[in-house]
Each structure stands twice: as C-alpha cells, then as structure tokens.
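A short write-up of the structure that comes next.
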C-alpha cells in the first residue's frame, strides 16, 4: 500500500523532505497515514494543495465550492494502553476531603464520570462542589453537573452510613472515607460516625477513549477558522471485530464533543479509519486487507462543506485487497 500511495502523491512532496520523514521513527507511521488519506482523495480525481511542505498531517482539497482543510491524526497501539486514572482519583479525593473538612460538612460525594477524570478536570469539579455546599445541602441531598462530564450527588453522611461504616454504592471505581468522629445517638450513647466519604464511578473507562477524545479536541483547536475542516483519526490495525469495537467505543464521545457549538464548531466531521487483515478461506496462504470507516458528522459546523463534496471514508472508500 505504501508504494502505491507514494506513487500517487509523489508530486505533492519534496523528495528530500519525504525521505527524511520516512527515516524518522517518530514521523514514519504518521506520514504513511497522511499519504493514505491524500492518495485516496487524489484517486477520486480531487485536486490537492499542501498547506506547508514542512508541516505534517495536513493538506487542503481544492473544490469549486471552496477549499476543505484535512487534518490527519495517527494513533499508535500505545494509545490503547492501560488506564492512567489513579492519580486523578487520589488527588481529587484529597482536595474534596479538604473542602468538606473546611466547610465542616458531613457528606457523601458520589461522582459519576462520563470518561476517566484527569487532573485538568479537577478545578471545575471542585468549583461546582464548593458552590453547591455554599448554597446548602438539605436533608434529601442535591445533584449537580460539572462541565458536561460529571454528575455529582451530595448526600448527608448519616443517610448512607451505618455507624463508622460508609455504605458506598455498588460498582464504584474508587472510594474512600474520612476520619470518624464520636457522636451521641438518640439514646445519648456515644457512637463513632463517618464525617465524609467520596466515591467515583466512570461510565466509559478507557485509555483509548481518552486518547482519541483529546486528539480530536486538539485538532479542533488547530484547524483554520475560515474553512470547512475534516479530521481523520487512525485506528490501529487488528482483527475486524476489534477494529469495529475501537471505533464504536469512541463514537458517542466524539459526537458529544462536536455538539458543543462554542468550542468545536470548526470541525465538520471526524472520520475514523482502520484496517483489518482477514485470512482468506478460499485461497490458501492469502490475506485479504479490509478497510473500515466510521464518520461522525457535526450537525452545526461553523462553515458548511460544498454541496457536492465527497468525504473519503463515507462517500469514497478503498476496496479490499488480497495478497
């Protein structure tokens, strides 16, 4: 495939610079992905213009209805590594515990996260919890939302505790309790009671999801503000079912990201592209390479695509190849 893509795109690259990028271990695979996307458009008869011969991962399509900017983002298998959320759980719990102790509040804080929290999420989370505490948490508790990512339930500790034991909801990813204090019960007997507890639960825990969402978010900030923009994201190759699962797992999160008209309206669509090698049962010792695509369209982009523009991955695809 690389030889074919090089041949199709050769006139758009400086050969010396191209050779330097191919010999760079950190840039070789991203370049191959850029060539793959670019060659696919060129084969459909599209006119292409490189925005900068020394800039990686981007080019423009020249269309009669106006230019369309293409941004290519390569994702390696390392992006599918283990979760790195423990530090956010620990730091967030510590800061929330200090907030509760300073306010002298005996509450259980139940935090439901759409995706894994990061250290960058914590200031917004703490601000929302602080405001809710300042307004007062009644005997029945209160539910708040922070940044579109968190749903936070604040409930009085005595309603979810049995003496010094906190009744943490089932299925939480991380939970801890503060120090217990001695308090007289209705009979005047001194009993240990929980001061506060904090529990976290993540709906879609995945290093892969976080990695792709962050990539799309950064791309949305990089693309030009005055053109339609398409962002291509490479999904690491694998078995067909695995590739489909990787794409399906991030679809909803990317759609949610593109629904924000203030922050991500520059992006018209995100196209996930993958490749799966399938053993051919009819031809011995042969492999069929199948290309897989999934497109997430922004329903309210800042600039519209030309009326008859064809998106590679949705309207244009590559046929399977056997080798």
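The values are calculated or read from the model by the stated rules, or taken from the named source; none is laboratory data. Because the structure is a prediction, the values reported are computed rather than measured. As a convention, Cβ positions derive from the backbone with ideal geometry for all residues, glycine included, and neighbour counts pool all protein chains shown.
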- line: Only unsatisfied item for residue 232, checking (1) modelled with pLDDT of 85 or more; (2) loosely packed, with under 13 Cβ neighbours inside 10 Å, is (2)
- request: Output the residues belonging to the stretch 212-228 that are crowded, with 17+ Cβ neighbours inside 10 Å and either in contact with a helix residue (DSSP H, G or I) (Cβ under 8 Å, 6 or more places away or on another chain) or under 20 Å from residue 79 (Cβ atoms) (or both).
  value: 212, 213, 215, 216, 219, 220
- prompt: Of the residues that make up the stretch 175-197, is at least one modelled with pLDDT of 90 or more and crowded, with 19+ Cβ neighbours inside 10 Å?
  reply: no
query: Within the stretch 72-84, is there a residue that is more than 28 Å from residue 12 (Cβ to Cβ) and in contact with a strand residue (DSSP E or B) (Cβ under 8 Å, 6 or more places away or on another chain)?
result: no
- prompt: Looking at the stretch 79-108, which of the residues that are buried (at least 20 other Cβ atoms within 10 Å of the Cβ) and under 18 Å from the mean Cα position of the chain (by Cα) is farthest from residue 120 (Cα to Cα)?
  reply: 85
query: Can you name the number of the only condition in (1) in contact with a helix residue (DSSP H, G or I) (Cβ under 9 Å, 6 or more places away or on another chain); (2) surrounded by fewer than 16 Cβ atoms within 10 Å (Cβ to Cβ) that residue 203 fails?
result: (1)
message: Looking only at residues that are out of contact with any helix residue (DSSP H, G or I) (no Cβ under 8 Å at 6 or more places or on another chain) and in a strand (DSSP E or B) in the stretch 114-152, which one is nearest to residue 254 (Cα to Cα)?
response: 151
